[in-house]
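Enquirer: First, the structure itself, so that you have it in front of you.
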Protein chains: 2
Amino acid sequence: MTTHDVPGVPAKRQRSARVPADQRRAEILVAALDVFGARGYHKAALSEIAERVGITHQGILHHFGSKDQLLVEVLEYRDATDVADFENQEPPHGPELMRHLVRTARANTERAGLVQSYAVLSAESVTDGHPAQASFRDRFTHLRGLIRDALRDSCPSDGPSDAEVDAAASSIIAVMDGLQIQWLLDPERVDMPYAVGLVIDALLARLGSDHRAGDSR
Amino acid sequence: MTTHDVPGVPAKRQRSARVPADQRRAEILVAALDVFGARGYHKAALSEIAERVGITHQGILHHFGSKDQLLVEVLEYRDATDVADFENQEPPHGPELMRHLVRTARANTERAGLVQSYAVLSAESVTDGHPAQASFRDRFTHLRGLIRDALRDSCPSDGPSDAEVDAAASSIIAVMDGLQIQWLLDPERVDMPYAVGLVIDALLARLGSDHRAGDSR
DNA sequence: GTCTATAGGCGGATAGAC
DNA sequence: GTCTATCCGCCTATAGAC
C-alpha cells in the first residue's frame, strides 16, 4: 500500500453524500431485497447491502435498528411493489382473482430475483424464532381467505364443503410457491403459468361437479 | 467459578471416547438433520451438532471436511431413510404411486422436524452457489419422471398432451412442497394429506376427461 | 439527524499436538 | 480420532464525529 498509514490518521473512507432518510431507506430496501434473495437471509451480510448503497453497515443499523427489522420492512416493501404492478390498489375479487394468479405466475418468470427472495425467505421463516414468521403466517391466512371467497363465487349453487374449499385455496397457493423452487432450479423444464392455470381449472371443475356420486376414497 | 483457572492449565474438556469413524459419522448425520431442520442450514452451528454427539465442532470437520459437505451427506441420508420407511426399496409405480404420495403427506404430519429440514433446505438450495443445488435439481427431475409415468398409466387411451402431463407432475410435487410451509406456520388450518388427495383427484379427472371441447383458455 | 470508528462475541476453517 | 490454538468474517452495541 502506498498511502500513509499513520496510526492517528487512519485511511479515511470517502464520506458519503448526506442524503435524506426517506431516500436512503428506500435505497437500502432495494439493495436488501436483492441481496437477501441471492444469499438467503442468514448468509446475507449487511456490509454487502451497505456497499451497494455506498455507506457502511453501521449506517444500515442506524436506519433500521437491526438486521431482523430490516428483513421485516423488506417484506412489506415487496408486497407494496407487488400490488403496485397492477392498476388497482386492491387485489381483484371473484373469478378475476384466478386470472390474476395466472398472470402473476407469468410475470414472475421475468423477475427471478424477486421470486428467489420470496421462495428463500418464506421457507426460512418456518425456522424456530425467525423474525418473519408472523409476517408470513398472516400473509398466508390472508391469501387463503381471498382465494376461498373467490372459489365460492365461482361455485354458487349446492357448493362444495368448507373442507374442500379450504383445501383448494391452500393448494392453489402451494402450487404457486412450490413451482417457484422447481422453476428456479430448472427454468427450461417448468412452465409456471401453464401449470398454475391447469391446477386452477382442474380444481374449479372438481369443486363444481357433483363428483361425490362416484367417489371411492 | 470455583475451579482453578491457571493460565498454563486451561480447564480441560472431558475427552470423548474414541469411536470408530463409521459409527461417529452416523451419529453426526442424525444430529445434523435435527439441527439443520430446527435452525436452517446457515443459522445452524456446527458446535450445536457437535455438542449433541459429545465432541467439538472441529471433530465434525475432521469427518466431513466442511459444513457444505455435511449438508450434502445429510440429504443423502434423509433420502435413504425415507424409502426405507416403506417395505420396498423401489418406490411404487402407476396408480399406486398416487396413493403413496397421499400416505407420505399423512406420515409427514407426524414428523415436523424432517418436514422443516426439507422445506428450508430445498428453498435455500436455489441461492447462488448453494452446495445442495445439484442434489435438489436432480431430485426434482427424478420425481417428475416418476409421477409423469404414473399419470400416463392412469390415462391410457387418447391421453392428454405431453405438456399437460408434465405440468401436472410438476404441480403435484409443488403442492406437497408448498403445503409443507403453510402447515409448518399454521398446523391447525392446513390439512396436508386431504389437500394433496384433492389436487391429485382433480388433475386425474382433468387429464382423463375430454375437456378440450369446452376449453376457452 | 446522518453517519463512522471501535470493540466484543460467535461461527467456520486450518494446522498441529496427543 | 479428537483436541487446542489461531485466523478471518459477520452481527451487534456504544461512543462520538460532522
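The values are calculated or read from the model by the stated rules, or taken from the named source; none is laboratory data. Please read all numbers here as calculations on a predicted model, not as lab measurements. Cβ coordinates were reconstructed from backbone atoms using ideal geometry, including for glycine residues, and neighbour counts include every protein chain displayed. In case anyone asks, the SASA skips ligands and DNA or RNA and just uses the protein heavy atoms, side chains included. Shrake-Rupley method; radii C 1.70, N 1.55, O 1.52, S 1.80 Å.
Enquirer: Check which residues have an amide H placed less than 5 Å from residue B:16's amide H, if you skip close sequence neighbours.
Expert: Sorted by chain and number, the residues that satisfy this come to none at all.
Enquirer: Oh, and also: For the stretch B:135-145, just list the computed ³J(HN,Hα) in residue order, Karplus coefficients 6.51, -1.76 and 1.60, θ = phi - 60°, integers in Hz, with x standing in for Gly and Pro.
Expert: Once θ is set to phi - 60°, the couplings for the stretch B:135-145 become 4, 6, 4, 5, 4, 5, 4, 5, 4, 4, x Hz.
Enquirer: Next question. If each DSSP helix of 4+ residues adds -39,500 (n - 2.57) and the sum is divided by the residues in chain B, what number results at 222 nm, nearest 500 deg cm²/dmol?
Expert: Details: 9 runs with 144 residues, N = 217.
One gets -22000 deg cm²/dmol as the mean residue ellipticity at 222 nm.
Enquirer: Next question. Note the per residue figure in Å³ for the convex hull of the C-alpha positions in the stretch B:15-84.
Expert: 81 Å³
Enquirer: What whole number of Å gives the distance from the Cα centroid of the stretch A:124-158 to the Cα centroid of the stretch B:115-179?
Expert: Measuring centre to centre over Cα atoms gives 23 Å.
Enquirer: A further question on this structure: Label position 7 Å from Cα toward Cβ: report the copy-to-copy distances for residue B:186 in nm, one decimal, ordered from shortest.
Expert: 3.1
Enquirer: I've got another one for you. Calculate the mean, over all residues of peptide A:191-199, of how many other protein chain Cβ atoms lie within 10 angstrom of the residue's Cβ.
Expert: If you average over the peptide's residues, the count of other-chain Cβ atoms is 6.
Enquirer: Follow-up. Defining a contact as two alpha carbons under 8 Å apart and six or more residues distant in sequence, what relative contact order in percent does chain A show?
Expert: Rounded, it is 20 percent for chain A.
Enquirer: Give the shape of the protein assembly as shown as rounded, prolate or oblate, defined through the alpha-carbon gyration tensor: a ≥ b ≥ c are the square roots of its eigenvalues, a/c under 1.5 means rounded, and otherwise the shape is prolate if a/b is larger than b/c and oblate if not.
Expert: Oblate.
Enquirer: Taking a label point 7 Å from the Cα of residue A:142 along the Cα→Cβ vector, which residues of the stretch A:165-201 have an amide N closer than 19 Å to it?
Expert: Output list for this probe position: A:169-174, A:176-177.
Enquirer: Quick one: 3J(HN,Hα) in Hz for the stretch A:23-39, Karplus 6.51/-1.76/1.60 with θ = phi - 60°, rounded, Gly and Pro as x.
Expert: For the stretch A:23-39, the Karplus curve yields 5, 4, 4, 5, 4, 5, 4, 4, 5, 5, 4, 4, 6, 4, x, 6, 10 Hz.
Enquirer: For the stretch B:87-210, what Kirkwood radius comes out of the mean inverse Cα-Cα distance, in Å?
Expert: On the way: mean 1/r = 0.0648 Å⁻¹.
When all Cα pairs of the stretch B:87-210 are included, the Kirkwood radius is 15.4 Å.
Enquirer: Work out the FRET efficiency for residue B:211 and residue B:45 from their Cβ-Cβ distance, taking R0 = 56 Å, and round it to the nearest 0.05. Please report the intermediate quantities before stating the final value.
Expert: Numbers: r = 53 Å, r/R0 = 0.94.
Once the sixth-power term is evaluated, E becomes 0.60.
Enquirer: Related question: Using only atoms on other chains, find how many Cβ atoms lie within 10 Å of each Cβ of peptide A:124-132 and report the average.
Expert: Counting Cβ atoms of other protein chains within 10 Å of each residue's Cβ and averaging gives 6.
Enquirer: List, shortest first and in nm to one decimal, how far the label point of residue A:162 (7 Å from Cα along Cα→Cβ) is from its counterparts in the other copies.
Expert: 4.6
Enquirer: Now for a separate question. So how tilted is helix A:162-185 from the main axis of chain A? Cα-based, degrees 0 to 90, rounded to 10.
Expert: In chain A, helix A:162-185 runs at an angle near 40 degrees to the longest axis.
Enquirer: Let me ask something else about it. Tell me which of B:125, A:143, B:141 sits at the most positive position along the dipole axis of the protein assembly as shown, charges placed on C-beta atoms (Lys, Arg +1; Asp, Glu -1).
Expert: About the Cα centre, the residue reaching furthest to the positive side is B:125.
Enquirer: Run through the other copies and list how far each one's label point is from that of residue B:94, in nm with one decimal, shortest first; the point sits 7 Å from Cα along Cα-Cβ.
Expert: Taking the point 7 Å beyond Cα along Cα→Cβ, the inter-copy spacings are 4.7 nm.
Enquirer: Under a crude label model (7 Å from the Cα following the beta-carbon direction), how far is residue A:23 from residue B:110 in nanometres?
Expert: 6.2 nm
Enquirer: Still on this structure, I have one more. With every protein chain in place, what's the accessible area of residue B:68 (1.4 Å probe, Å², nearest 10)?
Expert: 70 Å²
Enquirer: Lysine pairs in the protein assembly as shown with alpha-carbon atoms under 21 Å apart, 8 or more places apart or on different chains: how many are there?
Expert: Lysine pairs meeting the criterion: 5.
Enquirer: Express the relative contact order of the stretch A:89-217 as a whole percentage, based on alpha carbon pairs under 8 Å and six or more residues apart in sequence.
Expert: Over the stretch A:89-217, the number comes to 33 percent.
Enquirer: What's the long-distance tail for chain B, i.e. % of Cα pairs beyond 32 Å?
Expert: In whole percent, the long-distance tail amounts to 34.
Enquirer: Okay, next question. Hey, what's the Cα Rg ratio for the stretch A:142-199 versus the globular rule of thumb, 2.2 N^0.38 Å?
Expert: 1.31
Enquirer: Would you work out the charge dipole size for the stretch B:15-84 about its Cα centre, treating the Cβ of every Lys and Arg as +1 and the Cβ of every Asp and Glu as -1, and quote it to the nearest 20 debye?
Expert: Roughly 320 debye for the stretch B:15-84.
Enquirer: Let me ask something additional. What is the angle, in °, between the Cα long axis of helix A:94-108 and the longest principal axis of the Cα atoms in chain A? Nearest 10 is fine, range 0 to 90.
Expert: 40 degrees
Enquirer: Let me ask something else about it. Work out the mean other chain Cβ neighbour count within 10 Å for the residues of A:201-210 and drop it here as an integer.
Expert: Details: counts 6, 14, 6, 2, 5, 8, 2, 0, 3, 0.
The per-residue average across the peptide is 5.
Enquirer: Continuing with this model, one more query. Subtracting the Cα-Cα distance from 0.36 nm times the residue separation, let me have the gained length for residue B:30 to residue B:99 in nm, one decimal.
Expert: The span from residue B:30 to residue B:99 would gain 22.0 nm if fully extended.
Enquirer: Counting Lys and Arg as +1 and Asp and Glu as -1, what is the net charge of the other residues whose Cβ lies under 10 Å from the Cβ of residue B:136? Mind showing how you got there, number by number?
Expert: Numbers: positive: B:137, B:139; negative: A:186, B:124, B:138.
Neighbourhood net charge equals -1.
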